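One structure below.
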Amino acid sequence: MADCYLCGKRAVFRTEAGPLCAGHFSKWYEDGVANAISRYSMVNPGDRICVGFSGGKDSTVLLAALCRLNLDAELVAVTVDEGIGGYRDDTILAAKDTASRLGVEHRIVSFKDICGKTLDELLANSPQAACSVCGTLRRRALNAAAREIDADSIATGHCLDDESQSVVMNYLRGDVTRATASFNSNSGELFIRRIKPLCRSTERATVAYGLCNNLLVPLPECPYTRYALRKDVRTWLGKLEYEKPGTLIRIADGQEELLSKMPKAEGEMKILGRCEKCGEPTANRLCAACQQLERLM
């Protein structure tokens, strides 16, 4: 690696502008997060932000970067304990330590509290459904926690890689509704707003930022990852990005441009009601989480 083009110190990361040392790279990364927040109007003065904080690399960098940006907002870190043996205990300890060092209020909510069972117990006979079940219940847990703390938004650590992967996965699944956002509903009035401050930061840069700032510790991988479609898409897109740099940003920007040119959904607005069991917003009698639980309990 060459020397930092700004100060001559040993560089740790090469950007399009040139190689940067740890200090200048950290500033470059934080500026990128700040630009994304501004570009998409993610944070308003005085906001109370519920930060989805798993304790993994992306959410750890997210929380640290938000703290260092000195936003006019209050941060509350929320960790969801799914109850995954040999995995979640370690990440919870890492989350507690990081939140304490950053001076951020930290709360933990669990699947056990929400539905009476851990994810391992729910998936005893169907581990291949892990990602679908976990994602649905985790969203419910975060929504409930955000309402409890009266949050204005929920921040998640989805980076550019995650955003690009989601675009590809929507097409692979034939999910036209999500791929084109072709729906018209009152969901914006019922759900707490989601923001993704790392949406234009690559995973590679995110990991580098975490390492440069001593934020990361070795953690185990979720044992259910092997069942995820995202794992295959991540590998494929990672190879493409390596061979053809800029692939990820072109996918994300292309999707954004496509959505900007889509005609607004016409016709009758789909009015969401409330789940008969838990009261969460839904277009059906039961929300997705309660439907999942009915099948698994």
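The values are calculated or read from the model by the stated rules, or taken from the named source; none is laboratory data. Given the structure is predicted, the values throughout are model-derived calculations rather than measurements. A quick note on method: Cβ atoms are made from the backbone with ideal geometry, for glycine too, and the neighbour counts reach across all protein chains shown. The protein model used for the area step is the full one, side chains on, heavy atoms only, and it has no ligands, DNA or RNA in it. Shrake-Rupley method; radii C 1.70, N 1.55, O 1.52, S 1.80 Å.
Can you find, within segment 275-297, the residue that is modelled with the lowest pLDDT among those that are buried (at least 18 other Cβ atoms within 10 Å of the Cβ) and in a loop (DSSP other than H, G, I, E, B)? Residue satisfying both the conditions and the ranking: Glu280.
With touching a residue at least 12 places away in the same chain (Cβ under 8 Å) and either open to solvent by 60 Å² or more (accessible area, probe 1.4 Å) or among the charged types (D, E, K, R) (or both) as the only criterion, which of Leu272, Leu229, Leu198, Leu216 stands out?
Working: Leu272 fails: either open to solvent by 60 Å² or more (accessible area, probe 1.4 Å) or among the charged types (D, E, K, R) (or both); Leu198 fails: either open to solvent by 60 Å² or more (accessible area, probe 1.4 Å) or among the charged types (D, E, K, R) (or both); Leu216 fails: either open to solvent by 60 Å² or more (accessible area, probe 1.4 Å) or among the charged types (D, E, K, R) (or both).
Only one candidate passes the filter, namely Leu229.
I'd like to check something: does segment 184-202 contain any residue that is in a helix (DSSP H, G or I), within 20 Å of Val61 (Cα to Cα) and at pLDDT 95 or above?
Kept after step one, since they are in a helix (DSSP H, G or I), are these residues of segment 184-202: 187-190.
Subsequent filtering for residues that are within 20 Å of Val61 (Cα to Cα) retains none.
No, that holds for no residue.
Annotation note: of Leu75, Leu69, Leu63, the sole residue that is under 24 Å from Arg204 (Cβ atoms) and surrounded by 20 or more Cβ atoms within 10 Å (Cβ to Cβ) is Leu63.
Does Gly238 fit the bill of being modelled with pLDDT under 85 and open to solvent by 30 Å² or more (accessible area, probe 1.4 Å)? Walk me through how you get there before you give the answer.
On the way: modelled with pLDDT under 85: no; open to solvent by 30 Å² or more (accessible area, probe 1.4 Å): yes.
When the stated conditions are applied, Gly238 does not pass them.
For segment 262-274, the candidate set comprises residues that are not charged (D, E, K, R) and not in a strand (DSSP E or B); within that set, the residue that is modelled with the lowest pLDDT is Gly267.
Can you find a residue in segment 38-47 that is under 23 Å from Ala155 (Cα atoms), at pLDDT 95 or above, aliphatic (A, V, I, L, M) and in contact with a strand residue (DSSP E or B) (Cβ under 8 Å, 6 or more places away or on another chain)? Scanning segment 38-47, I find at least one residue that is under 23 Å from Ala155 (Cα atoms), at pLDDT 95 or above, aliphatic (A, V, I, L, M) and in contact with a strand residue (DSSP E or B) (Cβ under 8 Å, 6 or more places away or on another chain), so the answer is yes.
Every listed requirement among (1) open to solvent by 50 Å² or more (accessible area, probe 1.4 Å); (2) touching a Pro at 6+ places or on another chain (Cβ under 9 Å); (3) aromatic (Phe, Trp, Tyr) is met by Trp28 save one, (2).
Quick one: would you say Thr247 is over 16 Å from His158 (Cβ atoms), open to solvent by less than 90 Å² (accessible area, probe 1.4 Å) and modelled with pLDDT of 95 or more?
Working: over 16 Å from His158 (Cβ atoms): yes; open to solvent by less than 90 Å² (accessible area, probe 1.4 Å): yes; modelled with pLDDT of 95 or more: yes.
Yes, satisfied.
In segment 109-168, which helices (runs of 4 or more DSSP H) lie fully inside it and hold 2 or more residues that are touching a Leu at 6+ places or on another chain (Cβ under 7 Å)?
Working: elements: 111-115, 119-122, 130-148.
Hits in segment 109-168: 111-115, 130-148.
Which of the residues spanning segment 150-166 are closer than 14 Å to Lys231 by Cα and open to solvent by 10 Å² or more (accessible area, probe 1.4 Å)? If you could, list the steps in order and put the result at the bottom.
Looking only at segment 150-166, we keep the residues that are closer than 14 Å to Lys231 by Cα, and these are 161-166.
Scanning segment 150-166 gives Asp161, Asp162, Glu163, Ser166.
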